[in-house]
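Here is the structure we will look at, set down as structure tokens.
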Amino acid sequence: MLRELAAMGIGVAGTEDGGPEGAFYCFADLRNLPEPLNDGMNFFKAALERQVISVPGVFFDIDPGNRRDHIASRLAGFVRLSFGPERGLERLRTMVAAG
């Protein structure tokens, strides 16, 4: 999965150290993708149209009470993806290729 994501231009946190260990998901870096897919919420919506679930990174940015609404989330360009069936990767590959 990590190689497939890299081929799509999607980085994965921790791959510089050999990849995620002990988890069934990865935190994918979308910032090198073209707009609008370089934003976690837009990626989520586009993937959902292809029946692939991702979780936008902003949902992991701790901001109790929404006190930082004037500051963009550091995690806006990320999504969490679960290691799953190959067909999910195939659908993402098609989505990214279509832009």
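The values are calculated or read from the model by the stated rules, or taken from the named source; none is laboratory data. The structure displayed is predicted, hence computed values, not measured ones.
For the condition at pLDDT 95 or above and assigned to a helix (DSSP H, G or I), what is the one hit in ASN38, ASN42? Even if it seems obvious, please write down each step before you answer.
Values: ASN38 fails: assigned to a helix (DSSP H, G or I).
Checking each option against the conditions leaves just ASN42.
Just one residue in the set SER73, SER82, SER54 is at pLDDT 95 or above, at negative phi and of a type in the set (Gly, Ala, Ser); that residue is SER54. When the residues of the stretch 18-35 are filtered to those that are over 11 Å from the mean Cα position of the chain (by Cα) and of a type in the set (Gly, Ala, Ser), the one that is modelled with the highest pLDDT is ALA23.
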